[in-house]
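Participant: I'd like to ask some things about the structure below.
The values are calculated or read from the model by the stated rules, or taken from the named source; none is laboratory data. Because the structure is predicted, anything quoted here is derived from the model rather than measured. Neighbour counts run over all protein chains shown; Cβ positions are idealised from the backbone, glycine included. Note: areas computed on protein heavy atoms with side chains; ligands, DNA, RNA excluded. Shrake-Rupley method; radii C 1.70, N 1.55, O 1.52, S 1.80 Å.
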Amino acid sequence: MLLWTHLASFFVSGSCAGSGFNACTNGYPVNNSTALSTSQPSPADATSSAISGAALYRQIAWRLLPLLMLCYMVAYLDRVNIGYAQLQMKQLLHFSDAVYGLGAGIFFVGYFLCEVPSNLLLERIGARKTLLRIMLCWGTVASLMMFISTPLQFYLMRFVLGMFEAGFFPGVILYFTYWFPARQRAQVMAIFMSAAIAASLVAGPLCGAILQYLQSVGGLAGWQWLFLLQGLPAVVLGLVVYVRLDDTPAQANWLTSEQKAQISQDLAAEIVDTAGTSHHAASPLQKLRSLLRDPMVYAFGLTNFLMVGATYALVFWLPSLVRGWGINNLAVVGLITAIPNLAGIIGMLLISRRSDRRRERRWHFLSVLGIAILGLAITVAAHGALLLSLLGLSVALVGVASTTPLFMTLISEHFSSSAAAGSIGGITSLGILGGAVSSAAIGVLSNKLGSVNSVLGVAIVLFAGAALVLMLATRKPRQR
């Protein structure tokens with residue numbers, strides 16, 4: 001975790017580094033001053049104010065990101081460890097690829113049903129209470145997964161896990177809009193989302209070791225230990241979040257009144273309202289109706305559907321894909337899967353940093369989709385050759401990992417602050433169904449075409465997503 005906090009510090013501060021002109025400092029060069037200016041700024045005062053702002057957001061990043069990243073790592077592990085557990089479950093419980101694919105995908109159906117209500121509830125009661133409820137429930141269910149023995153139980157537990165975890169990711173994205181202006185949000189989101197890739201990096205060796213070395217310990221199978229040991233930390237972290245975080249900057253006693261005023265001023269200056277009207281006084285029902293009538297929510301939601309479907313198809317089937325290369329030791333399978341995930345972390349942070357410097361999202365997003373397609377094509381062409389397949393997967397993970405922070409920043413800049421909660425929740429809800437559809441589809445395709453050939457389907461989905469975003473690229477939100 002120390003590594004990721006250092007990355008957070010470096011990249012948030014890095015957004016204010018460069019050749020003397022960048023988005024973070026609003027065009028002013030960087031010096032060592034930290035004074036705040038509240039009067040009409042001269043060039044020197046503006047420089048000092050810009051530096052103070054950079055220092056302020058570094059301070060906020062250090063306060064929020066390490067804990068939320070750790071929570072996201074645990075959430076991601078509890079979501080995707082089924083990809084490793086199934087290596088034993090399919091043999092010990094006699095689950096077919098189709099059963100596993102449906103069970104892996106049905107998680108997203110529960111997620112879809114509860115994501116928007118959870119985000120609207122967060123807007124009303126605050127992040128601390130919402131995240132506490134989410135993490136206590138999902139941690140308990142994730143641990144109870146150790147007791148499943150039939151396909152029906154498997155489907156039910158995965159569905160309930162999705163219901164309880166729904167709201168965590170979009171809730172954190174919404175939470176960031178309360179603390180960080182848009183000019184820094186891509187890097188902040190990229191740093192936060194790097195926790196998912198870090199979890200994938202850790203998941204391979206960790207899950208492989210648990211399956212290999214805890215098999216039959218205490219009368220439990222390795223996959224049972226896997227669910228138990230990776231589910232309980234969410235319960236503990238939920239309590240820590242409740243104690244440690246503040247719902248808004250106004251409630252943070254570790255910020256001065258001048259810092260709170262600067263955050264409020266920075267956020268107010270970047271409000272985007274596509275409708276040209278304000279809806280702050282609207283009730284939750286009115287906001288939901290407005291959300292359902294907005295065609296851009298569906299357009300972005302379909303884009304997210306294709307992107308998420310491709311991503312989770314790769315995530316859930318990566319261990320099986322590696323094992324299909326002739327590697328039978330589960331610990332070694334875990335170690336090999338860590339290599340492309342490490343490449344994904346590095347690529348995602350660098351690309352998101354560049355996106356923030358250029359203040360451009362759409363074409364960066366299209367570019368990383370192209371990188372992902374290229375990597376998947378190399379993987380398919382390798383026909384199981386270890387080194388070439390690893391190269392292809394590493395290139396693919398650079399693209400796949402970079403899509404989410406760029407996309408979430410794009411939509412957070414498109415919608416007004418009053419519409420952010422429902423819009424982000426709605427778009428991620430529509431998108432998350434892609435994981436359900438693709439996981440089940442790849443399960444069927446694997447039975448007929450084999451794991452390697454089924455990856456071609458992932459590339460097709462990514463291509464379709466790229467085409468859709470290309471059409472959306474001509475649509476620009478109107479700035480107030």
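Participant: Please report the accessible area of Ile60 (heavy atoms, 1.4 Å probe, ligands and nucleic acids excluded) in Å², nearest 10.
Facilitator: Near enough 0 Å² of accessible area.
Participant: Moving to a separate point now. Can you give the Kirkwood hydrodynamic radius of region 139-219 from its Cα pairs, in Å with one decimal?
Facilitator: For region 139-219, inverting the mean 1/r across all distinct Cα pairs yields 15.7 Å.
Participant: Find the percent of Cα-Cα distances in region 125-283 that exceed 24 Å, and round it to a whole number.
Facilitator: I get 50 percent for the Cα pairs in region 125-283 exceeding 24 Å.
Participant: Oh, and also: Consider just the alpha-carbon atoms of region 73-167 and return their Rg together with their Dmax, both in angstrom.
Facilitator: Gyration radius and largest Cα-Cα distance of region 73-167: 14.0, 46 Å.
Participant: Return one whole number: the accessible area per residue of region 284-392 in Å², for a 1.4 Å probe.
Facilitator: Per residue, region 284-392 has an accessible area of 42 Å².
Participant: Run the simple label-point estimate for Leu113 and Leu342 please: 7 Å along Cα→C-beta, distance reported in nm.
Facilitator: 4.2
Participant: Please report the accessible area of His414 (heavy atoms, 1.4 Å probe, ligands and nucleic acids excluded) in Å², nearest 10.
Facilitator: Number for this one is 10 Å².
Participant: A further question follows. Using a Förster distance of 25 angstrom, determine the FRET efficiency expected from the C-beta separation of Glu258 and Leu67, and round it to 0.05.
Facilitator: FRET efficiency, Glu258 to Leu67: 0.50.
Participant: How far, in nm, would the chain grow between Asn328 and Lys90 when pulled straight, counting 0.36 nm per residue and subtracting the alpha carbon separation?
Facilitator: 84.2 nm
Participant: Regarding region 290-351, what is the average projected area of its C-alpha convex hull, in nm²?
Facilitator: Averaging across all directions leaves 6.0 nm² for the Cα convex hull.
Participant: Taking just the alpha-carbon atoms of region 299-406, what radius of gyration and Dmax come out, in angstrom?
Facilitator: For region 299-406, the Cα radius of gyration and maximum Cα-Cα distance read 14.4, 46 Å.
Participant: Can you give the Rg to Rh ratio of region 163-203, both from alpha-carbon atoms, with Rh computed by the Kirkwood formula? Write down the numbers at each step before the final one.
Facilitator: Numbers: Rg = 11.7 Å, Rh = 11.2 Å.
Ratio of gyration radius to Kirkwood radius for region 163-203: 1.04.
Participant: OK, next. Could you report the accessible area of Trp317 in Å², rounded to 10, computed with a 1.4 Å probe on the protein chains as they sit in the structure?
Facilitator: Accessible area of Trp317: about 20 Å².
Participant: Considering only protein heavy atoms and a 1.4 Å probe, what is the carbon-and-sulfur percentage of the accessible area of region 114-154?
Facilitator: Exposed carbon and sulfur together represent 70 percent of the surface.
Participant: Distance in nm between label sites at His383 and Ala55, each 7 Å beyond Cα in the beta-carbon direction?
Facilitator: 6.2
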